[in-house]
Amino acid sequence: MSDDMIRAYGLTKVFNKSLVAVDHINFNVKEGEIFGFLGPNGAGKTTTIRMLSTLTRPTEGTATVGNYDVVKDDNEVRKLIGLVSEKIIMYDRLTAKENLWFFGKLYNIPKEVLNKRIDDLLELVQLSDWKDSQVGTFSSGMRQRMNVIRALLNMPEVLFLDEPTLGLDPQSSVEVREFVKKINRENKTTIILTTHMMVEADMICDRIGIIDHGKIVALDTSTNLKKLVSGADTTILGLEIANLTTNMIVPIQSLECVNSVSHDNSTHIKVHANGDEAFDTIIDTIRAEKGKINLVENLQPTLEDVFLHVTGREVRDNADQKIPLKRHRHLMSRRRVR
């Protein structure tokens, strides 16, 4: 008996006979696993979730949830799953308990069972003290926790989370991530989430499928994915250049050993390069352009670097917004250049 909770083979979705949203993807999700789909908006993450949760039919391929086919056995699949979409589905004028009671009755859960389940779920997310408060008075983090336990009322074996922290402030995002891990740990719930946030995928997912243009371009644990760009001939440098200019970046980009150059502010750049001589070549080029190098950091690869490595481009939220490069704390080496 397979321990896979979800299996997909050649799963494909085409809209309007020409737009390929999901392109013949194959993957499995193990029972009790937290599995993440990581990729930019429009990559096919949400469409995949919608097919697995029976909300839209595949154009080609097959998928099973708990050994039930998502097309042929859609009613059985729905009994096993809970879905949290990007939109928070709650009624502001109802209290926390009234909201959960309303949605619980849609599942025809008996009164005695539902009352206890509501109390247990509110306790699980530490909202028992607010059970008689209107949801409209809640913070964004509290509302999202309510949104998640709404999907747990039927005690699903599989929970789909579509961008669970989208639009939340940092503190609320941390709360939701911790809660997701708690659900998985205490209830053994299989969780599939979509995200375009590298940190989120890195922090909570057992395995990550990087999806781009409807295809899964890499799938493994975060540690193993990072090994894709940590070969002996790979160099990722973070440099602080006091007098950094665009004209200084151009000759660095033109070096044969350099794969990409990105920068987040007026003094810092990040360079991906290959070859044993890459470090010296880059430093010599900057100095030849009269660059004043204050700091050089040999960086550990991140999931952002993995995405760049497997797709040849950086992750983008949309067509014109680049995810900003951040300084990395985990360094292989750190050198002051004089």
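Where does the charge balance sit around PRO110 when Lys and Arg score +1, Asp and Glu -1, over other residues with C-beta under 12 Å from its C-beta? Don't jump to the answer; show the numbers that get you there.
Working: positive: LYS105, LYS111, LYS116, ARG117; negative: GLU112.
Taking every other residue near PRO110 into account, the sum is +3.
Which net charge results when you count Lys and Arg as +1 and Asp and Glu as -1 among the other residues whose beta-carbon is under 15 Å from that of ASP69? Please list the in-between numbers first.
Details: positive: ARG7, ARG57, LYS72, ARG78, LYS79; negative: ASP4, GLU60, ASP73, ASP74, GLU76.
For residues surrounding ASP69, the net value is 0.
Given a Förster distance of 30 angstrom, what is the FRET efficiency for LYS188 paired with SER139, based on the Cβ-Cβ distance and rounded to 0.05? Write down the numbers at each step before the final one.
Values: r = 29 Å, r/R0 = 0.96.
E between LYS188 and SER139, to the nearest 0.05, is 0.55.
Would you kindly derive the ³J(HN,Hα) couplings of the range 144-154 from the backbone phi angles with the Karplus curve 6.51 cos²θ - 1.76 cosθ + 1.60 (θ = phi - 60°), listing them in order in whole Hz, with x for Gly and Pro?
Taking θ as phi minus 60°, the curve returns 5, 5, 4, 4, 6, 6, 4, 7, 9, 4, 8 Hz for the range 144-154.
Magnitude of the Cβ-charge dipole of the range 4-225, K/R +1 and D/E -1, about the Cα centre, nearest 20 debye?
Numbers: 28 positive and 30 negative charges, 105 e Å.
Computed about the Cα centre, the dipole is about 500 debye.
From the phi of every residue in the range 195-203, what ³J(HN,Hα) in whole Hz does the Karplus formula 6.51 cos²θ - 1.76 cosθ + 1.60 yield, where θ is phi - 60° and glycine or proline is x?
Those phi angles translate into 7, 10, 9, 4, 4, 4, 4, 5, 6 Hz.
For the range 1-86, which trypsin sites (Lys or Arg not before Pro) are in a loop by DSSP, counting at most 12 other Cβ atoms within 10 Å? Let's see the in-between values first.
Details: sites: ARG7, LYS13, LYS17, LYS30, LYS45, ARG50, LYS72, ARG78, LYS79; in loops: LYS17, LYS72.
Those satisfying the criteria are LYS17, LYS72.
Mind jotting down the three principal axis lengths of the range 1-150 based on Cα atoms? Whole angstrom, largest first.
48, 35, 25
Can you tell me the orientation of helix 278-288 relative to the chain, as the angle in degrees between its alpha-carbon axis and the longest Cα principal axis, to the nearest 10?
Once rounded, the angle reads 60 degrees.
Run the reach check for LYS13 against lysines, Cα to Cα strictly under 29 Å, same-chain hits fewer than 8 apart removed. What comes back?
LYS30, LYS45, LYS72, LYS79, LYS87, LYS215, LYS322
Please report, in whole Å³, the volume per residue of the convex hull around the C-alpha atoms of the chain.
Values: hull volume 55.9 nm³, N = 338.
Output value, Cα hull per residue: 165 Å³.
By how many nm would the segment from ASP120 to ARG7 lengthen if fully extended, with 0.36 nm per residue of separation less the alpha-carbon distance?
Details: separation 113, 0.36 × 113 = 40.68 nm, distance 3.12 nm.
Taking 0.36 nm per residue and subtracting the Cα distance, the gain is 37.6 nm.
Tell me, in nm to one decimal, what length is gained between ASP129 and ASN67 on full extension, where the rule is 0.36 nm per residue of separation less the Cα-Cα distance?
Values: separation 62, 0.36 × 62 = 22.32 nm, distance 3.96 nm.
Here the answer is 18.4 nm.
Out of all DSSP beta bridges with both ends in the chain, state the antiparallel percent to the nearest 5.
Numbers: 45 of 63 bridges.
In the chain, DSSP labels about 70 percent of beta bridges as antiparallel.
What residues have an amide H closer than 5 Å to that of GLU33, excluding those fewer than 5 places away on the same chain, when H is modeled at 1.01 Å from N in the peptide plane?
So GLU33 has HN proximity to ILE191.
Could you list the trypsin sites (Lys or Arg not before Pro) in the range 261-300 that lie in coil according to DSSP, counting only those with at most 13 other Cβ atoms within 10 Å of their Cβ?
Working: sites: LYS270, ARG287, LYS290, LYS292; in loops: LYS290, LYS292.
Of the trypsin sites (Lys or Arg not before Pro), the ones in loops of the range 261-300 whose Cβ has at most 13 other Cβ atoms within 10 Å are LYS290, LYS292.
Can you find, among THR64, GLY275, LEU153, the residue sitting farthest towards the positive end of the charge dipole of the chain, where Lys and Arg contribute +1 and Asp and Glu -1 at Cβ?
LEU153
Name the residues whose placed amide hydrogens come within less than 5 Å of the amide hydrogen of ALA218, ignoring near sequence neighbours (fewer than 5 apart) on the same chain.
ILE210
Where does the charge balance sit around GLU31 when Lys and Arg score +1, Asp and Glu -1, over other residues with C-beta under 15 Å from its C-beta? Before the final figure, lay out each step's value.
Working: positive: ARG7, LYS30, ARG185, LYS188, ARG207; negative: ASP3, ASP4, GLU33, GLU157, ASP206.
My count for the surroundings of GLU31 gives 0.
What angle do you read, to the nearest 10 degrees and between 0 and 90, between the alpha-carbon axis of helix 170-187 and the longest principal axis of the chain?
60 degrees
Once you have a ≥ b ≥ c as the square roots of the Cα gyration tensor eigenvalues for the range 110-238, tell me rounded if a/c is under 1.5, and otherwise prolate or oblate according to whether a/b is larger than b/c. If you can, show how the numbers build up before the last one.
Numbers: a/c = 2.88, a/b = 2.08, b/c = 1.38.
Here the range 110-238 falls in the prolate category.
What stretch of the chain, leaving out the sites themselves, is the longest with no GluC sites (Glu not before Pro) in a DSSP loop having at most 13 other Cβ atoms within 10 Å?
On the way: sites that count: GLU86, GLU256, GLU277.
Longest stretch, sites excluded: 87-255.
For the range 211-224, take each phi angle, set θ = phi - 60°, evaluate the Karplus expression 6.51 cos²θ - 1.76 cosθ + 1.60, and give the result in whole Hz per residue in order, putting x for glycine and proline.
Running phi through 6.51 cos²θ - 1.76 cosθ + 1.60 with θ = phi - 60° gives 10, 8, 6, x, 10, 7, 9, 6, 8, 4, 6, 4, 4, 5 Hz.
From the residues ASN184, THR137, SER53, which one has its Cα farthest along the dipole of the chain in the positive direction, the dipole being from +1 and -1 charges on Cβ of Lys/Arg and Asp/Glu about the Cα centre?
Selected residue: THR137.
Values quoted throughout were computed directly from the atomic coordinates according to the rules given, and no laboratory measurement underlies them. All values derive from a computational prediction rather than experimental measurement. FYI the Cβ positions are ideal-geometry reconstructions off the backbone, even for glycines, and counts take in every protein chain you see.
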